[in-house]
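Undergrad: This structure is in structure tokens; I'll ask about it shortly.
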Amino acid sequence: MVYDFVFVVLVYRNTIDLEDFFQSFKISNSKVVVVNSYYDEESKATFESIALQNDAVFLNVENKGYGYGNNRGCEYALKHFDFKYLVISNADIEIKKLDLSQLSDNHITAPEIVTLKNKQQNPYMPYYPPFYERVKYFLLKRKSKLEIFCWIYSRLIREFYLMFHKRGYVFSAHGAFFITPKKIVEKLFPFYNEKMFLFIEEEHLAMKARENGVKFYYDSSIKIKHKEDGSVSFLKGGENEILRQSYLEFFETWFA
């Protein structure tokens, strides 16, 4: 059997999001691989029950971060299924519009992703910004509070892009949901650097795609709602240092 879509959905602790994901999930001829970054036996049992009730595959892996978990899900999909497209998806999303006819085999598709506060999250980074990366590295390495200007710059560039474009090639896609043809999955696998526990995965995948001649394509006709209430909320204040370490690993991999 050839599936139109295989979804890799990484979860951690928050079981309610996965329940909601399946309640709104209406994509035919598809298979879901739920990957649990292990926290405890109670949450593992709940995730497994939800997955099996919805005819999904359940994988339990060590909690080694976003990249490690998603790489294991992609690895399983490539080994066990024949499919046209692989989707990396958060559990805290709702698919509002997705049709096979909207997709191409020649690029990774980045949909319109809108949060509950009506914030646009794609394109994650419209343009390739080497000077921006170097400035951000300089500030993060020194733990400077001025790094907030880098995030403001990134947001402004996205808003400027969206003023003039509803679709087109971009540098990177938001990691909450993107769609990759099987031949490109095979070309880029493993997608992620597993030394990066959380954050900056979008930039890493964009650089890897660019190195291999693969492009991202933003298409606002594909619509995703992102609740943004997922696993990051469980970090309890440690996200800034995790982000800093991930970014230093990213920069030293690609620019040093």
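The values are calculated or read from the model by the stated rules, or taken from the named source; none is laboratory data. What you are looking at is a predicted structure, and each value in this text was computed from that prediction instead of being measured. Neighbour counts are summed over all protein chains in view; Cβ atoms, including those assigned to glycine, are modelled from backbone coordinates with ideal geometry. Just the protein is used for accessible areas: all its heavy atoms, side chains included, with ligands, DNA and RNA removed. Shrake-Rupley method; radii C 1.70, N 1.55, O 1.52, S 1.80 Å.
Undergrad: Quick check on my filter: what residues within region 153-175 are closer than 13 Å to Met125 by Cβ, in contact (Cβ under 8 Å) with a residue 40 or more places away in the chain and either open to solvent by 100 Å² or more (accessible area, probe 1.4 Å) or part of a loop (DSSP other than H, G, I, E, B) (or both)?
TA: Across region 153-175, the qualifying residues are Tyr169, Phe171, Ala173, His174, Gly175.
Undergrad: If a residue must be aromatic (Phe, Trp, Tyr) and within 17 Å of the chain's Cα centre (by Cα), how many such residues does region 55-75 contain?
TA: 2
Undergrad: Taking the residues in region 196-232 that are assigned to a loop (DSSP other than H, G, I, E, B) and at pLDDT 95 or above as candidates, determine which candidate is farthest from Tyr66 (Cα to Cα).
TA: Gly213
Undergrad: Going by what's in this entry, would Tyr76 be described as within 27 Å of Ile16 (Cβ to Cβ), modelled with pLDDT under 95 and out of contact with any Pro (no Cβ under 8 Å at 6 or more places or on another chain)?
TA: In short, no.
Undergrad: For region 23-38, does any single residue satisfy the condition of being open to solvent by 30 Å² or more (accessible area, probe 1.4 Å) and under 26 Å from His204 (Cα atoms)?
TA: yes
Undergrad: Could I ask something else about it? Mind checking whether some residue in region 48-62 is under 22 Å from His226 (Cβ atoms) and either open to solvent by 30 Å² or more (accessible area, probe 1.4 Å) or without any contact (Cβ under 8 Å) to a residue 24 or more places away in the chain (or both)?
TA: Within region 48-62 (the criterion being under 22 Å from His226 (Cβ atoms) and either open to solvent by 30 Å² or more (accessible area, probe 1.4 Å) or without any contact (Cβ under 8 Å) to a residue 24 or more places away in the chain (or both)), the answer is yes, since at least one residue qualifies.
Undergrad: Starting from region 1-25, take each residue that is without any contact (Cβ under 8 Å) to a residue 40 or more places away in the chain and list its partners that are in a helix (DSSP H, G or I) and open to solvent by less than 30 Å² (accessible area, probe 1.4 Å), counting only C-beta distances under 8 angstrom and pairs at least six apart or across chains.
TA: Cβ pairs passing all conditions: Thr15/Ser43; Thr15/Phe47; Thr15/Ile50; Glu19/Ile50; Phe22/Ile50.
Undergrad: Let me ask something else about it. Just to be sure before I move on: is Val114 surrounded by 13 or more Cβ atoms within 10 Å (Cβ to Cβ), at pLDDT 95 or above and not in a helix (DSSP H, G or I) in the structure I sent?
TA: yes
Undergrad: Please verify whether Phe191 is within 25 Å of Glu62 (Cα to Cα), in a strand (DSSP E or B), modelled with pLDDT of 90 or more and open to solvent by less than 70 Å² (accessible area, probe 1.4 Å), treating the condition exactly as stated.
TA: no
Undergrad: Open to solvent by 40 Å² or more (accessible area, probe 1.4 Å), part of a helix (DSSP H, G or I), modelled with pLDDT under 90 and of a type in the set (Asp, Glu) - does that describe any residue in region 177-187?
TA: no
Undergrad: Tell me, yes or no, whether region 134-141 has at least one residue that is part of a helix (DSSP H, G or I) and β-branched (Val, Ile, Thr).
TA: So far as region 134-141 goes, yes, one or more of its residues are part of a helix (DSSP H, G or I) and β-branched (Val, Ile, Thr).
Undergrad: What single numbered condition from (1) within 26 Å of Tyr12 (Cβ to Cβ); (2) of a type in the set (D, E, K, R); (3) over 14 Å from the mean Cα position of the chain (by Cα) fails to hold for Lys143?
TA: Unmet for Lys143, out of (1) within 26 Å of Tyr12 (Cβ to Cβ); (2) of a type in the set (D, E, K, R); (3) over 14 Å from the mean Cα position of the chain (by Cα): (1).
Undergrad: Looking only at region 91-110, which residues are under 12 Å from the mean Cα position of the chain (by Cα), outside any loop (DSSP other than H, G, I, E, B) and more than 25 Å from Arg210 (Cα to Cα)?
TA: Ile93 - this is the single residue of region 91-110 that is under 12 Å from the mean Cα position of the chain (by Cα), outside any loop (DSSP other than H, G, I, E, B) and more than 25 Å from Arg210 (Cα to Cα).
Undergrad: Here's a follow-up. Tally up the residues in region 76-90 that are farther than 18 Å from Ala173 by Cβ and within 14 Å of the chain's Cα centre (by Cα), please.
TA: Residues that pass the stated criteria total 0.
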